[in-house]
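See structure below.
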Amino acid sequence: MSERSAPTARKAIQDLRALLDRASRAYYLDNKPFMTDREFDERLAELAALEAAHPEFDDPGSPTRRIGGEPIGSFRTVRHAVPMLSIDNSYSAEDVRAWAARIEKAAGAEAGPLFGGGAAFVCDPKIDGVAVSVRYEKGELVHALTRGDGEKGDDITENARTIRALPLRLSGPGVPDVLEVRGEAFLPNKEFERINAEREAADEEPFMNPRNACAGTLKQLDPRRVAARRLGFVAHGRGEVSPAEWADSHSAFMEKLPTIGLPVNAGWRVCRGAEEALAYIAEFDGKRGAMPYAIDGVVVRVDHFELQARLGQTSKSPRWCIAYKYPAERKTTRLTQVDYQVGKTGKITPRAVMEPALLAGTTVRHASLHNFGLIAERDIRVGDLVVVEKAGEIIPQVLGPAPENTRARSSKPVAPPEACPICAGPVEIEEENGRETARRCVNPECPAQVREKLVWFAGRTQMDIEGLGEKTIDQIRAESGAPLARFADIFLLKNHRDELLALDRMGEKKVDNLLAGAEAAKSRGLARVIGSMGIRHLGASNAKNLARAFPDIRALMGATQDQLSEVEGFGPVRARVVHEYLHSEAGRAAFAALEKVGVDLTSREYAAPSAQRTAFSGKTIVLTGTLDSFEREALKEVLESLGAKVTGSVSKKTDLVIAGESAGSKLGKARELGVEVWDETALLAALPADRRPAR
């Protein structure tokens, strides 16, 4: 990026922030996106680069604050301004009617004037997520808390900032001085499916449902990992609000929230009396399968805040609302056969093939059977009537034989394959407590593994090779003369341009983009490469941990199993599996071939331990402003190589702030906290001679 003058940079930064804020609002509030996810990410990266070059224009409300900052040590506990209680559940129409009768009785003679002849309830679809309380003061996000014990919750502010649906700054007419909204953080269905596909590809257990995945995400100590999960958020309730008269009813509250930037569930409705509420519940049951997130019920609450206050609460729950929970939908169908799928790590997964069954709004014909140990434990046989349920309304799973199952003589036990169903190669059985948990093909040249590994390797969140998607890989392998059986073959496709051009729907522009994407991927570095190869127990996070510990592939391959087990995120089992791969014939051949075609296998993350202690050893340092001698990233690498930890924000734990020209708010924060501040002259004097920039 070319250097910009301060006024030009300020204008560019302001324009990009406004554009990204409009894009987020269009997507999450108006449901009218005008920018693709990729375009949004590209603009966000452009803004981040500009802000890094011009820290004097720092703004806590910038969209870049959603990328995620430095990991935190732990979550602090904060008291809720207004207790955050849980809602009583109900599972029948009779429960809802009885609750509504108590409400109308409590309203007494005032029911008519208050409600126009019948109690007014607001019905709101209940998202199956994690309850969060978000507080704004003067329109600025102050903190976000989990429910906790209702009185106090964990401060997850840094993680909540990564949720794009949640505004960092409110805007619009009449933003109240204090606004505390209760809402639901959730994992959209498509993101749940994406994350589970990535976990399975990394040989990790998939999440069973979106709620568990969301809860685990919000308790991550690294906000960057939270940002990668792409959580959603909708507001559905209130805590402290000042002025209190900002809204006098829940329906008015819900109508006002979108006008200042907060998303709500578009399906909410005001209903008069219990029967209207029950009609809404029945109506929405038929729609929830098509929603982009899991819905497990409907919350019914008294609309008017005056009556809510009069009804009060028990020690655990408000008396003025109730949650109707939909029963998990299950269907009985017949298991007709069991197929086998072989993943990129060789794991053989049994898949049920069934007679079609309509379940939660979709026709289900296939379901995962997880592993052969589970099949044996539940005695599931081909020909049985089985019970099928959608876990979290998303993943079809076979629970077991139906109670009414009368096993026919033709029913057959499921026979685990003794050899790989694709390549007939040998299999390895893994057990835990005497039960089989996995069965793997151990032939590294198995065509199914090769194909899945290539697809994973080229993916956007791995090596990000533009134009080399699943269909293109299949087309090249099936229809061209270009070899595509190893990772290194991707980088040799440039030698087969004419063969690629001869393929159907592969014009010059598409081919050139593909080849350019492959060339760009060569410089991704060690962490991206090893995290993209489909090595068991080695996803992106642990690949980065290895790259921080070893400077290049030779050092990594030279490490002992014990040395690997000492790396963050590694234990004896993971260290053994990774060590075995690194020293296998297939592993050595893969790295040699990648090196031969010019793929960079040096680490971007490595911080060499200093030969001796320096002025920076063990210190937590924050950089602010512009230095003449260093680009910020280059200085960060130098300081980390000298034993420092460089973070993005100033706190009581900060030991030193290095401030250049036009230092921003971080300098003021450092002075306020009494943190030591160095200018560029002091920095250069403290650096070892071999780490100073050449003159």
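No value in this document is a laboratory result; all are computed from the given coordinates. Here the structure is a predicted model, which means the values were calculated and not measured. Please note: Cβ atoms are built from the backbone with ideal geometry, for glycine as well, and neighbour counts cover all protein chains shown.
Compute the relative contact order of the range 342-478 as a whole-number percentage, counting only Cα pairs closer than 8 Å that sit 6 or more residues apart in sequence. Reported relative contact order: 23 percent.
Can you compute the helix-only [θ] at 222 nm over the chain? Use -39500 (n - 2.57) per DSSP H run of at least 4 residues, normalise by all residues, nearest 500 deg cm²/dmol. Provide the component values of the computation, followed by the final result.
Values: 26 runs with 246 residues, N = 695.
Calculated mean residue ellipticity at 222 nm is -10000 deg cm²/dmol.
Taking 10 °C and 1.306 mPa s as conditions, the range 573-673 diffuses translationally at an estimated 95 µm²/s according to Stokes-Einstein applied to its Kirkwood radius (Cα pairs).
Listed peptides 516-522, 342-348 appear in the order 342-348, 516-522 once ranked by packing, highest mean of other Cβ atoms within 10 Å at the front.
Rg to Rh ratio, the range 275-346, alpha-carbon atoms and Kirkwood radius?
Working: Rg = 20.4 Å, Rh = 16.4 Å.
Looking at the range 275-346, the ratio lands at 1.24.
When DSSP beta bridges are limited to those with both residues in the range 597-674, what percentage is antiparallel, rounded to the nearest 5? All intermediate terms of the calculation are to be shown ahead of the outcome.
Values: 1 of 8 bridges.
Taking every DSSP beta bridge with both residues in the range 597-674, the antiparallel ones total about 10 percent.
Run the Debye formula on the Cα coordinates of the range 526-596, all scatterers equal and no solvent, and tell me log10 I(q)/I(0) at q = 0.23, 0.28 1/Å. Those come out to -1.03, -1.64, one per q. Quick check on my link table: of LYS453/LYS544; LYS11/LYS510; LYS256/LYS666; LYS287/LYS331; LYS105/LYS256, which ones sit more than 26 Å apart, alpha carbon to alpha carbon? Over 26 Å Cα-Cα: LYS11/LYS510; LYS256/LYS666; LYS105/LYS256. What the phi angles of the range 400-409 give under the Karplus curve with 6.51, -1.76 and 1.60, with θ = phi - 60°, is a coupling list of x, x, 5, x, 8, 4, 10, 5, 7, 4 Hz, glycine and proline written as x. Cα centroids of the range 538-605 and the range 288-327: how far apart, whole angstrom? Between the Cα centres of the range 538-605 and the range 288-327 lies a distance of 51 Å. Based on DSSP, what percent of beta bridges with both residues in the range 330-441 are antiparallel, to the nearest 5? Looking only at bridges with both residues in the range 330-441, the antiparallel portion is about 95 percent.
Equivalent ellipsoid of the range 89-325: semi-axes from √(5λ) of the C-alpha gyration tensor, largest first, are 32, 22, 15 Å.
Between the range 448-516 and the range 328-365, the alpha-carbon centres lie 31 Å apart. Taking all Cα-Cα distances within the chain, those exceeding 42 Å account for 39%.
When both bridge partners sit in the chain, DSSP labels roughly 85% of those beta bridges antiparallel. Left without a cysteine partner by the 4.7 Å Cβ rule in the chain: CYS123, CYS214, CYS271, CYS321. Excluding VAL270 itself, what net charge comes from residues whose Cβ is under 11 Å from its Cβ, given Lys and Arg +1 and Asp and Glu -1? So the environment of VAL270 carries a net charge of -1.
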